[in-house]
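Below is one structure, written out as structure tokens, with a few remarks after it.
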Amino acid sequence: MSKISVPSIDRRKLLVGSGAFAAAAWLPRSGLGAATSAREFTLVAAPARVSLVGAPHPDTDVWCYDGRTPGPEIRVRQGERIHVLVENRLPEETTVHWHGIRLPNAMDGVPHLTQRPIAPGETFAYEFTCPDAGTFWYHPHQRSFVQVGRGLYGPLIVEEREPVPVDRDIIWVLADWRLLNDASISGDFGNMHDVSHNGRVGNTVTINGRIPETFSVQAGERIRLRLINGANARIFGLEFTGHRPQIIALDGQPVEPHAPPDGRVVLGPAMRIDLLLDMTAQPGLRFRVIDKFYRGLEYRLLDLVYADSATLRDLSQAKPVRLPDNPMPEPSIKNAQRHQVVLGGGMMGSMRMAMMDGKHVDIRTLMHNGLVWAINGVAAKGHVHEPLLTLERNHSYVLELVNDTMWPHPMHLHGHSFRVISRDGKPTKHREWQDTVLLSRQERAEIAFVADNPGDWMFHCHILEHQAGGMMGVIRVT
Ligand code: C2O
Ligand code: CU
């Protein structure tokens, strides 16, 4: 992936095209300082035809940014301000959400809730500062089960202030497609089976928009591998045979370096994991990377292929890299207010009734409206709702997430990162910061955070069919 080009843009023109929401967000917020110099980028969302599967298969019609999927890498320094002009050349409305970035609410890209959707032919200017170093990504929030599924997403990398000592910094955007025999995208988006079961798990996995056979490495090199799960619904469980990867960041946030539990790197949709991958084997060897998440559906992702050249260095005594912490507000668990958030519904679930549009309705009426999931008994029809919870700014909260369904759910909160402090009643070892927590079926997890970012924030399942099927809500910080 090459870096995005940086055209110079006449700002006055943007104000004309981007409407009142953007104009309001243009006013520099007090305390942010250096709001004047933003790095400028453009993204054009449009249909394109790309080679996903490779010859001899035909090309695939996708929707993507700047003519490629994944879209261009946006790479900035921690604390830098960016200005992204998004132009919509799709046949429908869109927005861009900057997943995991703690930014002002007006820049969050949620249609109707934080901005008017960008109509075909229109532009919208996003501008915000990136407070945290790490691996993030961007994607639409308008009909995302279709727009992401057709290829609209890209990596957003925020570099640490000091360079991290690795030989190579590599991004793998993992994606999952449901393709027909002619390599075209199956049009059955949002069908009730996907919505009520696992979501749209496809049949073709790509890395950076290709199906690579191999990844070339050199003995003795140290790689920072940034994994981004851009799939609608597929959960990955990667094993790097013959190697001992260390997890050094989760969802962009540094974590005490540790080996993945059971040797498996598990990423739910929208999650990111930064691995420190030491190439400790001998020149000329070859190792498989296998995805074992779904039992009976294991497959080889690719092979790590060692060059024949001499070993670069002896890594046997090398210390893991501990990334510097981001400026996260530390929640006070003792003084935190607690709330329970129950996820319900889905196939084999017990949900018979839920609230829809403020009314109690039965499961038939829900299904008639395409809804099969609920949070605290409320099935969400769109993005704008009575808040699920209203939180007081700068107070600490512990949310107990209860997955009362037979399916896993990667639950994402906008505008904040949270510590995962327990799972099924047991304290977590690393109290990791995440913005998306993967709950296994019937699992409970407690998350803790300071509600320091005012606004209406989405809280939803990132299996995009589950989100569309009602598993979403608004958390208001006043
Ligand atoms: Cu990655 Cu609400 O989104
Ligand atoms: Cu879900």
query: If you go through region 401-418 one residue at a time, do you hit one that is more than 16 Å from ligand 2 (Cβ to nearest atom), over 21 Å from F128 (Cα atoms) and crowded, with 21+ Cβ neighbours inside 10 Å?
result: no
- request: Would you check which residues across region 88-130 are away from ligand 1 (no atom under 15 Å from the Cβ) and more than 23 Å from R150 (Cβ to Cβ) and list them?
  value: P104, A106, A125, E127, F128, T129, C130
task: Give the residue, chosen from V158, V164, that is open to solvent by 10 Å² or more (accessible area, probe 1.4 Å) and more than 20 Å from V195 (Cα to Cα).
output: V164
- prompt: Filter region 259-277 for residues that are touching a strand residue (DSSP E or B) at 6+ places or on another chain (Cβ under 8 Å) and open to solvent by 30 Å² or more (accessible area, probe 1.4 Å); which is nearest to ligand 1 (Cβ to nearest atom)?
  reply: V266
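Here is a yes/no grid of residues against (1) within 16 Å of ligand 1 (Cβ to nearest atom); (2) in a loop (DSSP other than H, G, I, E, B); (3) of a type in the set (S, T, Y):
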{"residue": "V361", "(1), (2), (3)": "no, no, no"}
{"residue": "T365", "(1), (2), (3)": "no, no, yes"}
{"residue": "E386", "(1), (2), (3)": "no, yes, no"}
{"residue": "V398", "(1), (2), (3)": "no, no, no"}
{"residue": "P410", "(1), (2), (3)": "yes, no, no"}
{"residue": "S422", "(1), (2), (3)": "no, no, yes"}
{"residue": "K429", "(1), (2), (3)": "no, yes, no"}
- request: Would you please list the contacts, defined by Cβ atoms under 9 Å and residues six or more apart or on different chains, that run from a residue in region 458-471 that is open to solvent by 10 Å² or more (accessible area, probe 1.4 Å) to a residue that is within 12 Å of ligand 1 (Cβ to nearest atom)?
  value: A468/S144; A468/F145
- prompt: Does any residue in region 332-344 that is over 17 Å from R393 (Cα atoms) come within less than 6 Å, Cβ to Cβ, of a residue that is polar (S, T, N, Q) and open to solvent by 50 Å² or more (accessible area, probe 1.4 Å) six or more places away or on a different chain, and which pairs are these?
  reply: V342/N376
query: Hey, A448 hits all of (1) open to solvent by less than 10 Å² (accessible area, probe 1.4 Å); (2) in contact with a Lys or Arg (Cβ under 6 Å, 6 or more places away or on another chain); (3) within 14 Å of ligand 1 (Cβ to nearest atom) but one; which does it fall short on?
result: (3)
query: Within region 345-352, can one find any residue that is under 12 Å from G469 (Cα atoms), within 16 Å of ligand 1 (Cβ to nearest atom) and part of a strand (DSSP E or B)?
result: no
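Which members of region 290-345 meet the condition of being acidic (D, E) and under 23 Å from I247 (Cα atoms)?
D291, E298, D303, D314, D325, E330
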- prompt: Picking from K334, K381, which residue would you name as being at negative phi, over 27 Å from the mean Cα position of the chain (by Cα) and part of a loop (DSSP other than H, G, I, E, B)?
  reply: K334
- prompt: Considering only residues of region 178-215 that are part of a loop (DSSP other than H, G, I, E, B) and aliphatic (A, V, I, L, M), which is nearest to ligand 2 (Cβ to nearest atom)?
  reply: V201
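For region 278-288, what are the residues that are among the hydrophobic types (A, V, I, L, M, F, W, C) and open to solvent by 30 Å² or more (accessible area, probe 1.4 Å)?
Residues satisfying the conditions are L285, F287.
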query: Just checking, which of V166, V158, V173 is in a strand (DSSP E or B), away from ligand 1 (no atom under 15 Å from the Cβ) and modelled with pLDDT of 95 or more?
result: V158
task: Scan region 131-155 for residues that are among the hydroxyl-bearing types (S, T, Y) and in a loop (DSSP other than H, G, I, E, B) and report the count.
output: 1
statement: Contact list, first residue from region 276-297 and among the polar types (S, T, N, Q), second anywhere and in a loop (DSSP other than H, G, I, E, B), beta-carbon distance below 7 Å, six or more apart or interchain, is T280/H243; T280/L315; Q282/A219
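Taking region 366-398, which residues are of a type in the set (A, V, I, L, M, F, W, C), open to solvent by less than 20 Å² (accessible area, probe 1.4 Å) and away from ligand 2 (no atom under 16 Å from the Cβ)? Full working, then the answer.
Here is the first cut: in region 366-398, the residues of a type in the set (A, V, I, L, M, F, W, C) are 366-367, 371-375, 378-380, 384, 388-389, 391, 398.
This time we only want the ones that are open to solvent by less than 20 Å² (accessible area, probe 1.4 Å), so: 366, 371-375, 379-380, 389, 391, 398.
Listed by number, the residues that qualify are L389, L391, V398.
The values are calculated or read from the model by the stated rules, or taken from the named source; none is laboratory data. The structure displayed is predicted, hence computed values, not measured ones. A quick note on method: Cβ atoms are made from the backbone with ideal geometry, for glycine too, and the neighbour counts reach across all protein chains shown. Ligands, DNA and RNA are excluded from the accessible area calculation, which covers all protein heavy atoms including side chains. Shrake-Rupley method; radii C 1.70, N 1.55, O 1.52, S 1.80 Å.
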